[in-house]
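Every number here is computed from the coordinates shown, using simple stated rules; none is lab data. Source: prediction; values computed, not measured. Cβ placement follows ideal geometry from the backbone for every residue including glycine, while neighbour counts extend to all protein chains displayed.
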Amino acid sequence: MPIATFRGENSLGELADKLFARLTPRQRDKAETALLKANPQLADLSAVSHGTVIQVPDLPELRPKARRTLENSDARILDTVSQAVTDYARQAGPRFAQAAEALKVQDGVLSSGELKKALGRIPALQALAGQLVKQGQTDLEALKAQEQALQSAMKRMAEDLKGMV
């Protein structure tokens, strides 16, 4: 069932006229009854907020106005979610690259001759610097694995969503 938004119409007849094309009085009555059945909250229009989503009943003999209803709303929702997944995957790449670069910079500092020279007299700090270098390499490998897993999952999700449309 298509959906539309309530835009502050003053009566069910006005709403029906805005949702359906060229209604006769009899068709308007039928549309009003169907709208009320699909959307009981419309019984008191003064209590309905502007922008409230309403269901537009499928009435084969009436033609909905396409600009007010969301034709195939499920497909639009799936398309929006699919685009969000694709955008997230695209944005994740540079973030992973930044994290990897930070780990490489850290490794460069910890492996630098200046730091080794400064720590030369304190064996415990030299050992700690060595451990930090190894941990940075482990973290970099884990980061690359996470990036590959995320990209693969995002690709599968995008394909699954496209298959649902």
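Overview of values
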{"quantity": "Point-to-point label distance, residue 44-residue 81, nm (Cα→Cβ direction, 7 Å offset)", "calculated": "3.4"}
{"quantity": "Residues with amide H under 5 Å from that of residue 54, placed H, sequence gap 5 or more", "calculated": "4, 5, 6"}
{"quantity": "Listed pairs 104/144; 104/155; 104/134 exceeding 19 Å between Cα atoms", "calculated": "104/155"}
{"quantity": "Nitroxide proxy distance, nm - points 7 Å out along Cα→Cβ at residue 106 and residue 146", "calculated": "1.1"}
{"quantity": "MRE, 222 nm, helices only [DSSP H, n ≥ 4, -39500 (n - 2.57), over the chain, to nearest 500]", "calculated": "-23000 deg cm²/dmol"}
{"quantity": "Calculated FRET value between residue 117 and residue 96, using beta carbons and R₀ = 30 Å, to 0.05", "calculated": "0.35"}
{"quantity": "Listed residue (35, 98, 45) projecting farthest to the positive dipole end of the chain, Cβ model", "calculated": "98"}
{"quantity": "Two-site label geometry, residue 29 and residue 132: point separation in nm, points 7 Å out along Cα→Cβ", "calculated": "8.4"}
{"quantity": "Degrees, to the nearest 10: 25-38 long Cα axis against longest axis of the chain", "calculated": "40"}
{"quantity": "Karplus-derived HN-Hα couplings along the stretch 79-92 (A = 6.51, B = -1.76, C = 1.60, θ = phi - 60°), whole Hz, x at Gly and Pro", "calculated": "5, 5, 5, 4, 5, 5, 5, 4, 5, 4, 4, 5, 6, 5"}
{"quantity": "Contact order relative to length of the chain, as percent, for alpha carbon pairs under 8 angstrom and 6 or more apart", "calculated": "26"}
